[in-house]
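Quick note: the coordinates plus some simple rules give every number you see, no bench work behind them. In this text the structure is predicted, and so the values were computed from the model without any measurement. Methodologically, a virtual Cβ is constructed for each residue, glycine included, from the backbone with ideal geometry; neighbour enumeration extends over all protein chains shown.
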Amino acid sequence: MAVFATYCQVCGLPVQQDHYVPAEDGAYFHIWRGDGEDACDPLVAFGPEHAWLREAIGLRIDEDALLMPTVSGVVHDGDLESPGGRLFNADLFDGEGDERMALHGACWRLADEPTSWDALAQVRELRELPEGENHYRQQLFDFGPFVEDGLGWMLADPESATPEGLRSRGRILELLQISDPSD
């Protein structure tokens, strides 16, 4: 099985919390997945304000497709598993014509819950984090250095009223080119 991250097509952050953790002997790495079966602790103290990173939405690409507008679930190694157990593979294409873009549920809601990727034309060119943040996007997202470099506020829930959450929300709304109605 391949190990890799899936990134939100709105904010550019991972749609998961999976990350490498060096083993104590330094000889190899563990992967922390937050699934209760981890052999290690995460490099970042994930709390309730980070749960939004795991709330994945698979948004249909084609507005004319006769499919559910969204599917939701949890992503590991590029697979989105919905609560009903249905899997969508790495590019969120199920092999039956159901292609999807990965988004955080919060980013989708901040974008006014579009029914397809077509409605997000203004962010279509956004495929990567801003240039200064690209080096955190490894095979899995490099959460430890990201937080150590003072960027942990971006991991705060953009739907919360905390200072970090409001800052995170402002960043996402700017990417969406939407003014925050709470301003």
Residues whose placed amide H lies under 5 Å from that of Val44, excluding near-sequence neighbours: none
Residue-wise HN-Hα coupling along segment 111-122, computed from phi with Karplus coefficients 6.51, -1.76, 1.60 (Hz; x: Gly, Pro): 8, 6, 6, x, 8, 7, 4, 3, 6, 10, 3, 5
Listed peptides 15-21, 71-77, 134-140, 36-42 by packing density, highest first (mean Cβ within 10 Å): 15-21, 71-77, 134-140, 36-42
Gain in span if fully extended, Phe4 to Ala161, counting 0.36 nm per residue against the direct Cα distance: 53.4 nm
Distance in nm between pseudo-label sites at Gln139 and Asp62 (7 Å out along the Cβ direction from Cα): 3.5
Two-site label geometry, Ala119 and Ile31: point separation in nm, points 7 Å out along Cα→Cβ: 3.3
Phi-based couplings in Hz for segment 152-165 (Karplus 6.51, -1.76, 1.60; Gly and Pro marked x): x, 4, 5, 8, 6, 4, x, 9, 9, 9, 6, x, 5, x
Listed peptides 52-62, 154-164 by packing density, highest first (mean Cβ within 10 Å): 52-62, 154-164
Nonlocal amide H pairs with Thr6, under 5 Å, H built at 1.01 Å: Val15, Gly78
